[in-house]
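Input: a single structure, listed below in structure tokens.
The values are calculated or read from the model by the stated rules, or taken from the named source; none is laboratory data. Because the structure is a prediction, the values reported are computed rather than measured. Positions of Cβ are backbone-derived with ideal geometry, glycine not excepted, and every protein chain shown enters the neighbour counts.
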Amino acid sequence: MFDVLRSVVAAMSQGLAITVAPQHTVLTTSEAAHLLGVSRPTLVRLLEAKKIPYDQPNRHRRVRLTDLLAYRERARRARATGLDEMVRDGEDDGLYDLPLDTPFERMPNDEHK
């Protein structure tokens, strides 16, 4: 329990949102979309593409919190893998092989205009 609370405090100190809910919690599509940070139509496309399991006991779809969290973790890992591949490709193409004394110019920062 101490480790869980410590993780919650660490996340909150970084400004991250915290949701405490039982693992068997069932969400509406709007709630699930909000938790993922996507629009409801985007979530529905993910459900229809079978990326996230769901139940439809009547007209409305319901998503289990555990399934949503598992999808979020898979998506996070896929993004990290893609980024690693991009870095590897850049290294293979010699994009990081500039000599240390090579001058470079930073792109202008439009925020300070």
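Could you identify the single residue in R77, R61 that is among the charged types (D, E, K, R), in contact with a strand residue (DSSP E or B) (Cβ under 9 Å, 6 or more places away or on another chain) and modelled with pLDDT of 90 or more?
Details: R77 fails: in contact with a strand residue (DSSP E or B) (Cβ under 9 Å, 6 or more places away or on another chain).
Matching residue, one of R77, R61: R61.
Within the set Y54, Y96, Y71, the sole residue that is of a type outside the set (D, E, K, R), over 26 Å from L16 (Cα atoms) and surrounded by 13 or more Cβ atoms within 10 Å (Cβ to Cβ) turns out to be Y54.
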